[in-house]
Amino acid sequence: MPQTLSFTSSLHSTGGDAPTGRYDASLEDPDEGLFALVSAKGMPAEAELAARSVREILRRSLMGQTVPLGERVLIAEEALESIAWVLREDAEAKRTSPVALAYVVALVADGWLAAVALGEATLHVVRSGSLYRLVGRDALTDEATTATKRVVRLLPGDRLLLSSAALARHLDEPTLAHEIRAFGEDWARRLVARHAGADPINAIEIGCI
């Protein structure tokens, strides 16, 4: 019998934009089993539009879908590839540098997690006191165009951490593991607060019940 889990989530944020030209957008819906963080870097107007566009195309593509998890992953990948292509074509038409994108998307259903990531954004799982990185943490550059994917079984008590690009840059695995142990149950909020800086920092914490 498939294991039935329910999910809770909390967004921890220092803000949605920054004078550095990096913009973040988030999406969380435990009932739909859909969570995402998007980071975009470029000229301010283009970066803000890109981050919001990725979030909205994910929302429109995946909300209300009743297909199996594997098909939802394919839908998400096609939507993300589509918006990346549009951004590249727009940059070529305007003769400007393309917006650099990083994102992490988590889809959960029937006790399984499917994660897709591009660039520096990451997804970790904390299980029985140990930390594991599932996807993410490539350099956020114009050339970061290939996403990575992972599918894993979730267990009751697992806690997932989706980290935006700016947060992931601050935290290697040993540092992240140490701070999670040091901060206790409130670790996600305290991580974000500790590493606040010029760039927006966002994290989504997901609890598996």
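Just to be sure before I move on: is Ser128 polar (S, T, N, Q), within 22 Å of Thr8 (Cβ to Cβ) and surrounded by fewer than 23 Cβ atoms within 10 Å (Cβ to Cβ) in the structure I sent? Taking the combined requirement at face value, the residue satisfies it.
Each row is one residue, and each column tells you yes or no for (1) in a helix (DSSP H, G or I); (2) buried (at least 19 other Cβ atoms within 10 Å of the Cβ).
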{"residue": "Leu74", "(1), (2)": "yes, no"}
{"residue": "Glu77", "(1), (2)": "yes, no"}
{"residue": "Val86", "(1), (2)": "yes, no"}
{"residue": "Glu89", "(1), (2)": "yes, no"}
{"residue": "Glu92", "(1), (2)": "yes, no"}
{"residue": "Thr96", "(1), (2)": "no, no"}
{"residue": "Tyr103", "(1), (2)": "no, yes"}
{"residue": "Ala117", "(1), (2)": "no, yes"}
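Per the conditions (1) under 16 Å from Ser26 (Cα atoms); (2) over 13 Å from the mean Cα position of the chain (by Cα), the sole criterion not satisfied by Val116 is (2).
Assuming Phe183 fulfils every condition listed in (1) touching a residue at least 60 places away in the same chain (Cβ under 8 Å); (2) not in a loop (DSSP other than H, G, I, E, B) apart from one, which condition is it? It fails just one condition, (1).
Can you pull out the residues in region 131-148 that are exposed (fewer than 14 other Cβ atoms within 10 Å of the Cβ) and either among the acidic types (Asp, Glu) or modelled with pLDDT of 90 or more (or both)? The answer is Tyr132, Glu143. Considering region 64-95, and only residues there that are under 18 Å from Ala36 (Cβ atoms) and charged (D, E, K, R), the residue that is nearest to the chain's Cα centre (by Cα) turns out to be Glu77. If I ask for residues that are modelled with pLDDT of 90 or more and either part of a loop (DSSP other than H, G, I, E, B) or within 26 Å of Asp110 (Cβ to Cβ) (or both), which ones from region 35-53 would you list? Hits for region 35-53 are Phe35, Ala36, Leu37, Val38.
The values are calculated or read from the model by the stated rules, or taken from the named source; none is laboratory data. Quick caveat: nothing in here was measured; it's all calculated off a predicted structure. Glycine gets a Cβ as well: all are built from the backbone with ideal geometry, and neighbour counts include every protein chain shown.
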